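The values are calculated or read from the model by the stated rules, or taken from the named source; none is laboratory data. Not measured: the values here are computed from a predicted model. Every residue, glycine as well, gets a Cβ built from its backbone with ideal geometry; the counts of neighbours run over all protein chains shown. The area values use the complete protein model at the heavy-atom level, side chains included, leaving out ligands, DNA and RNA. Shrake-Rupley method; radii C 1.70, N 1.55, O 1.52, S 1.80 Å.
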Amino acid sequence: MYAQNIKSTGKRVKSLDEMDPQERAFQERINAGEKIEPKDWMPEGYRQNLIRQIGQHAHSEVVGQLPEGNWITRAPTLERKAILLAKVQDEAGHGLYLYCAAETLGISRDEMTEQLLDGRMKYSSIFNYPTLNWADMGAVGWLVDGAAIMNQVALQRTSYGPYSRAMIRICKEEAFHQRQGYDIMMKMCAGTPEQKAMAQDALDRLWYPALMMFGPSDKDSVHSAQSMAWGIKTMTNDEGRQRFVDQTVPQAEYLGLTIPDPDLKWNEERGHYDYTDPDWSEFFAVINGNGPCNADRLNARRKAWEDGAWVRDGLMEHARKKAARRQAAE
Ligand code: BYC
């Protein structure tokens, strides 16, 4: 795969012959399917690209708690409340695994947070859409976690060891998240006509934002060619999106819901569904800070960071005193 144009992106990456010996040895390890570990030599571009992707992924997990956290107090039953609470706690844990994986590349969590708050780092576009009612909790679990897991299953094979191991743990929990969302949708679709209409409305609003989670179309993807050559990504954005559509259409049929795409149809020749792409101008507006909830999400993160300053300061002071005591005893 390396040293070729990724057909759809047209972006070219270096061939083995164009690499210096160290870079070439690194690329050969990747091509042989070896994992790269934190103390191994790696090209600076590999390190930076991983920090970008893992950092964004970590921020997405943490920001992703906001739209669902909003519904914990309003869950319709004690059981639903307990399940949603557990799911939102899992997202916090996923964020922590991922921040730790990024830290092995030489960036601190404080730096990543600063970069999020000043706009240098992104988080997933999907969390810039509001969750308006309980049906959205079903649709988020079903579609958003469904899209996330489709991407993350592929990332279990990523070339960087700490990221790959974090993904394996995360995928186990993510499968439960997707099922709990689908379970809410099943309940609502078997309920009153009003409940089924709420489920359809949630699908109508979240379908295209879920498709956007896989990133821009391959021809507009900036990083795919190099990330695929380095084994950071193991599928392109359009491949992931197609897999998600193929998996989700039969699930919508089972629920008796209609995907909001009049041109969606099975293509016998390709062995896949044909579908309509999202509105890419909306996608770029959202990732550039102009989605419906961008300001709210960042304000919530900023407030949490500022309100937590005394805890971080206290922990640092405690660590400093402990180290000083240890040193005095030696
Ligand atoms: N949203 O070159 P491209 C979850 C940016 S959360 C925002 O194709 P790449 C969950 C991209 O960063 C799931 N930005 O990028 C949590 C780049 O901009 P920069 C989160 C996006 O990285 C709680 C530019 O567009 N999952 O599981 O090769 C509750 C060009 O894109 C998006 C991950 O983060 C987007 N959707 O491919 C429930 C998975 N798409 O950085 C669920 C890890 C693209 O140059 N990430 N951009 O300024 C990936 O797999 C890849 O980063 C992507 C994009 C496939 C998302």
* Which one of these is among the acidic types (Asp, Glu), modelled with pLDDT of 95 or more and out of contact with any Phe, Trp or Tyr (no Cβ under 8 Å at 6 or more places or on another chain): 313, 279, 263? -> 313
* The listed residue being touching a helix residue (DSSP H, G or I) at 6+ places or on another chain (Cβ under 7 Å), more than 22 Å from residue 53 (Cβ to Cβ), surrounded by 10 or more Cβ atoms within 10 Å (Cβ to Cβ) and of a type outside the set (D, E, K, R), out of 260, 278 -> 260
* Give me the pairs: first residue in region 37-59 and over 18 Å from residue 21 (Cα atoms) and among the small types (Gly, Ala, Ser), second residue open to solvent by less than 40 Å² (accessible area, probe 1.4 Å) and within 10 Å of the ligand (Cβ to nearest atom), beta-carbon distance under 9 Å, and six or more apart or on different chains, which are they? -> 55/98; 55/121; 58/94; 58/95; 58/98; 58/123
* **Options 123, 129; residue that is touching a Leu at 6+ places or on another chain (Cβ under 8 Å), open to solvent by 20 Å² or more (accessible area, probe 1.4 Å) and within 11 Å of the ligand (Cβ to nearest atom)** => 123
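Name the single residue that is least open to solvent (accessible area, probe 1.4 Å) among those in region 182-216 being touching a Cys at 6+ places or on another chain (Cβ under 8 Å) and within 13 Å of residue 133 (Cβ to Cβ).
Ranking the candidates gives 199 first.
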* Structure fact -> So, first residue part of a loop (DSSP other than H, G, I, E, B) in region 267-279, second residue among the hydroxyl-bearing types (Ser, Thr, Tyr) and surrounded by 13 or more Cβ atoms within 10 Å (Cβ to Cβ), Cβ within less than 9 Å, six or more apart or across chains; the pairs are 276/208; 277/208; 277/217; 278/208; 279/208
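For the structure I just gave you, tell me whether residue 231 is touching a residue at least 24 places away in the same chain (Cβ under 8 Å) and under 27 Å from residue 48 (Cα atoms).
Values: touching a residue at least 24 places away in the same chain (Cβ under 8 Å): yes; under 27 Å from residue 48 (Cα atoms): yes.
Yes: the conditions hold for residue 231.
Checking the conditions here, which among 53, 48, 65 is within 8 Å of the ligand (Cβ to nearest atom), open to solvent by 40 Å² or more (accessible area, probe 1.4 Å) and not small (Gly, Ala, Ser)? First the steps, then the outcome.
Values: 53 fails: open to solvent by 40 Å² or more (accessible area, probe 1.4 Å); 48 fails: within 8 Å of the ligand (Cβ to nearest atom).
None of the other options fit; the residue is 65.
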* Asked: Pick from region 217-234 the residues that are of a type in the set (S, T, N, Q) and out of contact with any Asp or Glu (no Cβ under 8 Å at 6 or more places or on another chain): which of them is most open to solvent (accessible area, probe 1.4 Å)?
  -> 226
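Run down 115, 89 and say which single residue is within 25 Å of residue 179 (Cβ to Cβ) and touching a helix residue (DSSP H, G or I) at 6+ places or on another chain (Cβ under 9 Å). Walk me through it before giving the result.
Details: 115 fails: within 25 Å of residue 179 (Cβ to Cβ).
It is 89.
Residue by residue through region 68-102, note down the ones that are free of Cβ contacts under 8 Å to residues at least 40 places away in the same chain, more than 9 Å from the ligand (Cβ to nearest atom) and either among the β-branched types (Val, Ile, Thr) or farther than 17 Å from residue 305 by Cβ (or both).
Keep residues of region 68-102 that are free of Cβ contacts under 8 Å to residues at least 40 places away in the same chain, which gives 69, 72-73, 77-79, 81-82, 85-86, 88-89, 91-92, 95-96.
Pick out the ones that are also more than 9 Å from the ligand (Cβ to nearest atom) and you get 69, 72-73, 77-79, 81-82, 85-86, 89, 92, 96.
Across region 68-102, the qualifying residues are 72, 73, 77, 78, 79, 81, 82, 85, 86, 89.
Select from region 149-182 the residues that are touching a strand residue (DSSP E or B) at 6+ places or on another chain (Cβ under 8 Å) and part of a helix (DSSP H, G or I) and list them in ascending order. It would help to see each step written out before you state the result.
Going residue by residue through region 149-182, those that are touching a strand residue (DSSP E or B) at 6+ places or on another chain (Cβ under 8 Å) are 159-161.
Hit for region 149-182 is 161, nothing else.
Residue 202 - would you say it is touching an Asp or Glu at 6+ places or on another chain (Cβ under 8 Å), away from the ligand (no atom under 14 Å from the Cβ), part of a helix (DSSP H, G or I) and farther than 30 Å from residue 32 by Cβ? First the steps, then the outcome.
Working: touching an Asp or Glu at 6+ places or on another chain (Cβ under 8 Å): yes; away from the ligand (no atom under 14 Å from the Cβ): yes; part of a helix (DSSP H, G or I): yes; farther than 30 Å from residue 32 by Cβ: yes.
Spelling it out, residue 202 is indeed touching an Asp or Glu at 6+ places or on another chain (Cβ under 8 Å), away from the ligand (no atom under 14 Å from the Cβ), part of a helix (DSSP H, G or I) and farther than 30 Å from residue 32 by Cβ.
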* Structure fact -> Cβ pairs under 7 Å, 6+ apart or interchain, first in region 176-197 and in contact (Cβ under 8 Å) with a residue 40 or more places away in the chain and within 16 Å of residue 248 (Cβ to Cβ), second open to solvent by 90 Å² or more (accessible area, probe 1.4 Å) and not in a helix (DSSP H, G or I), ordered by first then second residue, are none
* To do: Report yes if some residue within region 228-241 is acidic (Asp, Glu), modelled with pLDDT of 95 or more and within 23 Å of residue 153 (Cα to Cα); otherwise report no.
  => yes
* To do: Under 7 Å between Cβ atoms, at least 6 apart or on separate chains: pull out the pairs that start in region 300-312 with a residue that is more than 17 Å from residue 108 (Cβ to Cβ) and end on any residue that is in a helix (DSSP H, G or I) and open to solvent by less than 70 Å² (accessible area, probe 1.4 Å).
  => 300/66; 302/117
